[in-house]
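For reference, the structure discussed in these notes is given below.
The values are calculated or read from the model by the stated rules, or taken from the named source; none is laboratory data. Please read these numbers as outputs of a predicted model, since none were measured by experiment. Quick reminder, even Gly has a Cβ in these numbers, built from the backbone with ideal geometry, and neighbours come from all protein chains shown. For the accessible areas, the whole protein counts, side chains as well, though only heavy atoms, and no ligand, DNA or RNA atoms are used. Shrake-Rupley method; radii C 1.70, N 1.55, O 1.52, S 1.80 Å.
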Amino acid sequence: MSTPQQLSLGVSLKDDATFDNFYAPEGSSNEQVIRALREQVEGAGEHFLYLWGASGVGLTHLLQASCHNAEARRMAVQYLPLRELTGFAPEALLDGLEELDMVCLDGLEAVAGNPAWERALFNLYNALRDAGRLLLVAAPQNPRELNIQLADLRSRLQWGVILKVQPLDDTDKQQALMRRARERGMELNEEVASYIVQRVPRDMNQLFCYLHRLDHASLAEQRKLTIPFVKKTLGL
Amino acid sequence: MSSLREELPSQQFNTWIRPLKIDEEAEADRLRLLAPNRFVCDWVCEKFLERITELAKHYQDGPEFSIEVGVGARTAPRTSRPAPSPAAPVRQSHTSNVGANSERPVAPPPAPKPAPSPAPETDSGVEGGLKHKDNLNRGFTFNSFVEGKSNQLGLAAARQVSENPGGAYNPLFIYGGVGLGKTHLMQAVGNALINKNPNAKVIYLHSERFVADMVKALQLNAINDFKRYYRSVDALLIDDIQFFAGKERSQEEFFHTFNSLLEGGQQIILTCDRYPKEINGLEERLKSRFGWGLTVAVEPPELEMRVAILMKKAAQVAVDLPHDAAFFIAQRIRSNVRELEGALKRVIASAHFTGRPIDVELVREALKDLLALQDKQVSIENIQRVVGEYYKIKIGDMLSKRRSRSVARPRQVAMALAKQLTNHSLPEIGDAFGGRDHTTVLHACRKIKELEEEDADIREDLKNLLRSLTT
């Protein structure tokens, strides 16, 4: 059986990240985050948004959903997962991006503290601002806590609307899991969902990986998602 | 595209393939893909072009056609979005698969170009760099600038310069920490000059831009155009001059530009994050010249001014911000004006989403993550440690019964800061300082407040300590 890490790629490929499949309970602060993201792209909100939150809260999902949303409006967007781009020359990678309508930087922490990257991001920030373009940034920490050495960059990061993406509580995680299951055509009842949430690591990425495994197994064995089946499949 | 999507991990797909646009103006026998910049273009060619070509052949039964990748952001004129300027597509075909190289000239073409017209354009919305562009933000005016004790000297100097450019205050050198309004002041002068004389040729730019433009000019053998351009201005405003550090060729060029402007009685305004003499990696001759005119400092804004800034910002966007709510924000956000503005934007967003009016309660909720962070950062232990290091005394001494002045004064400073920066009660603070009574804490706070008014050294100490504890 594949490991969850490998599966996670499959999951993100299959379930395209959209605002609709991001579980944000009504009236929650995460719902505000989605509204802020929508308004940003619609041109009604701030030009610069900074999202932060613990691993697994869905920062990457939100950034990609916002990219899709922008593309649907025929905007030119570039999404950059900085964690995977640390080996590149920042000047070259970021050059000229202010010509686009929007730039999304995911995983800012990966390059924080690197002088060349910080300088290049500082220049990109200024260029985007001068050109009136949109910038969306995500990191696990608030700009204050992030290890940014260049004070000029740090204060600019503090200039935008900074929104914390909150982790879901266990009830909401259960709901999110049930909804994702429904979207994939699986029937996952409350009892079973609660069983899963209480027994596996409760990071949303991990939970969806488990769901993915259950999806495959239930298709292969033509079984419904019952507690005994879940127990056996996930080896709980 | 959907085939590639299944083949590639989603991160790779999202990063490299998704941003590609089809150039709709290319001829029918060609499929031209546009990448957002040179780098993405090179990368796609190197890693994916072969596969894209294969797939295209697979799906296309018709006549042979070629695929190429170029650089360009726009595929078709877009009218739906009120973007500031629909910049023309920058076209540059891919010629070889060279890797990352930041030295190579990249699109778009370099901005500096001599502006021969006697009446230069000052339209900041025109892109493309062929016309003179002042780069000024029209919102940065003297009217929108909030005056306070910490910046009044800078403001007075800037006003003087705007009334008498090229006069005694040349260059005007404004220095201070980040986010304190240096750029605003500088641009206010530029805007005032243009208001007074719409034909005035004013250029604002960041020092990194000056360097980048110069590098491009050198590569394109256009350095003489570059020189002529920058020497022809009435006022040259360069921001964050500290970024010139270590760039000798740029310093050399700037040195000559600087001299030429000064001789011609053209105004120069520079900003920097520190005093000229303290800029490491800058030539001595530049440092000394920077001091020839007037050097003024802007300091972090005091509480009243932070409140005033918030009120003004809120008024600008027609948001009703009660004074007590502004006060609440200003008390808690001390580091710089950008963070203050960011916090206000966050509060306005919350009010907007919840439909509630802004009051202290809403502010508390909107900023709770930020404030929690602050509470966490500024603990009594933290204050004791920072104060101890500052005065070079041991924590043990601070908590001891010793009453010699060299220990007692720092202890009082630490107590006063603990009261100011934490939510602990006075008895709790007393406890944390070796089990002292809360009246001792109270006495310390009064004493320090008194000293702050009459003793410049203590005032300076407090300012430094506050800054290192809250930023």
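Exactly one residue among B:N191, B:N221 is of a type in the set (S, T, N, Q) and on the phi > 0 side of the Ramachandran plot, and that residue is B:N221.
For the stretch A:76-84, the criterion of being open to solvent by 20 Å² or more (accessible area, probe 1.4 Å) and at pLDDT below 90 is satisfied by at least one residue.
Table: residues versus (1) in contact with a helix residue (DSSP H, G or I) (Cβ under 6 Å, 6 or more places away or on another chain); (2) loosely packed, with under 11 Cβ neighbours inside 10 Å; (3) under 25 Å from A:V77 (Cβ atoms).
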| position | (1), (2), (3) |
| --- | --- |
| B:I17 | yes, no, yes |
| B:L20 | no, no, yes |
| B:D23 | no, no, yes |
| B:D29 | no, yes, no |
| B:L34 | no, no, yes |
| B:F48 | no, no, yes |
| B:R51 | no, no, yes |
| B:K57 | no, no, no |
| B:F65 | no, no, no |
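When you scan the stretch B:318-362, how many residues do you find that are more than 26 Å from A:E145 (Cα to Cα) and within 11 Å of another protein chain (Cβ to nearest Cβ)? So the answer is 3.
What residue, among those in the stretch B:24-40 that are outside any loop (DSSP other than H, G, I, E, B) and within 13 Å of B:F65 (Cβ to Cβ), is nearest to the other protein chains (Cβ to nearest Cβ)? For the stretch B:24-40, the residue satisfying everything is B:L33. Checked against (1) surrounded by fewer than 24 Cβ atoms within 10 Å (Cβ to Cβ); (2) touching a helix residue (DSSP H, G or I) at 6+ places or on another chain (Cβ under 8 Å), A:Q158 passes all but a single condition, namely (1). Looking only at residues in the stretch B:194-236 that are within 14 Å of another protein chain (Cβ to nearest Cβ) and aliphatic (A, V, I, L, M), the one that is surrounded by the most Cβ atoms within 10 Å (Cβ to Cβ) is B:I203. Every test in (1) part of a helix (DSSP H, G or I); (2) touching a strand residue (DSSP E or B) at 6+ places or on another chain (Cβ under 9 Å); (3) without any contact (Cβ under 8 Å) to a residue 60 or more places away in the chain is passed by A:R182 save one, and that test is (2). Do we find that B:E299 is under 17 Å from the mean Cα position of the chain (by Cα), assigned to a helix (DSSP H, G or I) and either at negative phi or hydroxyl-bearing (S, T, Y) (or both) in this structure? Here the answer is no, as B:E299 does not meet what is asked. Here A:F208 meets each of (1) away from every other protein chain (no Cβ under 14 Å); (2) in a helix (DSSP H, G or I) with one exception, condition (1). When the stretch B:378-398 is filtered for residues that are farther than 23 Å from B:E450 by Cβ and either among the β-branched types (V, I, T) or open to solvent by 60 Å² or more (accessible area, probe 1.4 Å) (or both), the ones remaining, listed by number, are B:V378, B:E381, B:R385, B:E389, B:K392, B:K394, B:I395.
Quick check on A:L136: is it crowded, with 20+ Cβ neighbours inside 10 Å and either in contact with a helix residue (DSSP H, G or I) (Cβ under 9 Å, 6 or more places away or on another chain) or not in a strand (DSSP E or B) (or both)?
Numbers: crowded, with 20+ Cβ neighbours inside 10 Å: yes; either in contact with a helix residue (DSSP H, G or I) (Cβ under 9 Å, 6 or more places away or on another chain) or not in a strand (DSSP E or B) (or both): yes.
Spelling it out, A:L136 is indeed crowded, with 20+ Cβ neighbours inside 10 Å and either in contact with a helix residue (DSSP H, G or I) (Cβ under 9 Å, 6 or more places away or on another chain) or not in a strand (DSSP E or B) (or both).
Screening A:D215 against (1) among the acidic types (D, E); (2) more than 14 Å from every other protein chain (Cβ to nearest Cβ); (3) closer than 26 Å to A:I34 by Cα leaves a single unmet condition, (3). When the stretch B:347-362 is filtered for residues that are open to solvent by 30 Å² or more (accessible area, probe 1.4 Å) and not β-branched (V, I, T), the ones remaining, listed by number, are B:H352, B:G355, B:R356, B:P357, B:D359, B:E361.
Among the conditions (1) free of Cβ contacts under 8 Å to residues at least 12 places away in the same chain; (2) open to solvent by less than 90 Å² (accessible area, probe 1.4 Å), the only one that B:E453 does not satisfy is (2).
Could you please give the count of residues in the stretch B:242-256 that are buried (at least 18 other Cβ atoms within 10 Å of the Cβ) and closer than 12 Å to B:M214 by Cβ?
6
Filtered by the rule that a residue be farther than 18 Å from B:N195 by Cα and open to solvent by 10 Å² or more (accessible area, probe 1.4 Å), the stretch B:156-174 gives B:A156, B:G167, B:A168, B:Y169, B:N170. Only one entry of A:F88, A:F48 meets the criterion of being within 10 Å of chain B (Cβ to nearest Cβ), touching a residue at least 60 places away in the same chain (Cβ under 8 Å) and in contact with a Phe, Trp or Tyr (Cβ under 9 Å, 6 or more places away or on another chain), and that entry is A:F48. Checked against (1) modelled with pLDDT of 95 or more; (2) more than 14 Å from chain A (Cβ to nearest Cβ); (3) more than 18 Å from B:H184 (Cβ to Cβ), B:G291 passes all but a single condition, namely (1). Scanning the stretch A:49-106 for residues that are touching a Ser or Thr at 6+ places or on another chain (Cβ under 7 Å) and hydrophobic (A, V, I, L, M, F, W, C) yields A:A65, A:L80, A:A89, A:A92, A:C104. Taking the listed residues A:N123, A:N147, the one that is touching a residue at least 24 places away in the same chain (Cβ under 8 Å), part of a helix (DSSP H, G or I) and open to solvent by 30 Å² or more (accessible area, probe 1.4 Å) is A:N123, with no other qualifying. Looking only at the stretch B:363-377, decide whether some residue is open to solvent by 20 Å² or more (accessible area, probe 1.4 Å), in a helix (DSSP H, G or I) and over 27 Å from B:V347 (Cβ atoms). Scanning the stretch B:363-377 turns up no residue that is open to solvent by 20 Å² or more (accessible area, probe 1.4 Å), in a helix (DSSP H, G or I) and over 27 Å from B:V347 (Cβ atoms). Filtering B:S425, B:S468 for residues that are exposed (fewer than 14 other Cβ atoms within 10 Å of the Cβ), within 32 Å of the chain's Cα centre (by Cα) and at pLDDT below 90 leaves a single hit, B:S468.
Condition test on A:L93, is it assigned to a helix (DSSP H, G or I), at negative phi, buried (at least 24 other Cβ atoms within 10 Å of the Cβ) and within 13 Å of chain B (Cβ to nearest Cβ)? In short, no. Is it true that some residue in the stretch B:178-189 is modelled with pLDDT of 90 or more, open to solvent by 30 Å² or more (accessible area, probe 1.4 Å) and assigned to a loop (DSSP other than H, G, I, E, B)? No, that holds for no residue.
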